[in-house]
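A quick write-up on the structure given underneath.
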Amino acid sequence: MVEQLEWRGARARRATAAVLAGLALLTGCGGGADGDEGPAVPTTASGTLEQLASKADCEPNVQTDAEELRQANCTTKDGRWVLATFATDRGQREWLNEANDYGGSYLVGRKWVAVGDPDVVAALRGRLGGTVETASPHHTGNGGGGGSEDGHSGHHGS
């Protein structure tokens, strides 16, 4: 029984290592497109909305303060952006799945997301770490509402 558990543990570690290596290739963690090393990316930050905002040199203007989601507008030398923190990983993933319909650039950490223009997200990654996700808008233009970040409300319908 012990040998079987050790075999399963070793297999799980190899599978995890393979997944992480594939993820690094997909997210471009191996350097720039031309082989040059990009700027160093710090370990992904964690903490409360206020702690994350502080690491990004932002005085957060909290717009949503609910148990499952906290969201703030930020303005830094890099530009305007939105920071959202989540009570659960599932809540974060659901938010991201809905947000993908609007397009945009997202800097994603554990239980937090920063949303802004691609240049702003790239600058934030240098301070907060995380993974950049981009999505193309799926709007046809006939649904009203547009995809502006100015009215970004977490993309939750009532």
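The values are calculated or read from the model by the stated rules, or taken from the named source; none is laboratory data. Not measured: the values here are computed from a predicted model. Reconstructed Cβ throughout: ideal geometry from the backbone, glycine too, with neighbour counts over all protein chains shown. For the accessible areas, the whole protein counts, side chains as well, though only heavy atoms, and no ligand, DNA or RNA atoms are used. Shrake-Rupley method; radii C 1.70, N 1.55, O 1.52, S 1.80 Å.
Points to keep in mind about this one:
- Pick from segment 117-136, criterion over 20 Å from GLY91 (Cα atoms) and in contact with a helix residue (DSSP H, G or I) (Cβ under 7 Å, 6 or more places away or on another chain), ranking: surrounded by the fewest Cβ atoms within 10 Å (Cβ to Cβ): ARG127
- Scanning segment 102-123 for residues that are outside any strand (DSSP E or B), over 18 Å from VAL41 (Cα atoms) and in contact (Cβ under 8 Å) with a residue 40 or more places away in the chain gives TYR102, GLY103, LYS111.
- Boolean, THR75 is of a type in the set (S, T, N, Q) and exposed (fewer than 14 other Cβ atoms within 10 Å of the Cβ): yes
- Contact annotation: residue pairs with Cβ atoms under 6 Å, 6 or more positions apart or on different chains, pairing a residue in segment 68-88 that is within 16 Å of LEU107 (Cα to Cα) with a partner that is surrounded by fewer than 16 Cβ atoms within 10 Å (Cβ to Cβ) and among the aliphatic types (A, V, I, L, M), are ALA72/VAL62.
- Residue check, ASP150 open to solvent by 50 Å² or more (accessible area, probe 1.4 Å), among the charged types (D, E, K, R), modelled with pLDDT of 50 or more and not in a loop (DSSP other than H, G, I, E, B): no
- Test: residue in segment 83-101 that is in a strand (DSSP E or B), open to solvent by less than 40 Å² (accessible area, probe 1.4 Å) and either in contact with a Pro (Cβ under 8 Å, 6 or more places away or on another chain) or modelled with pLDDT under 95 (or both): yes
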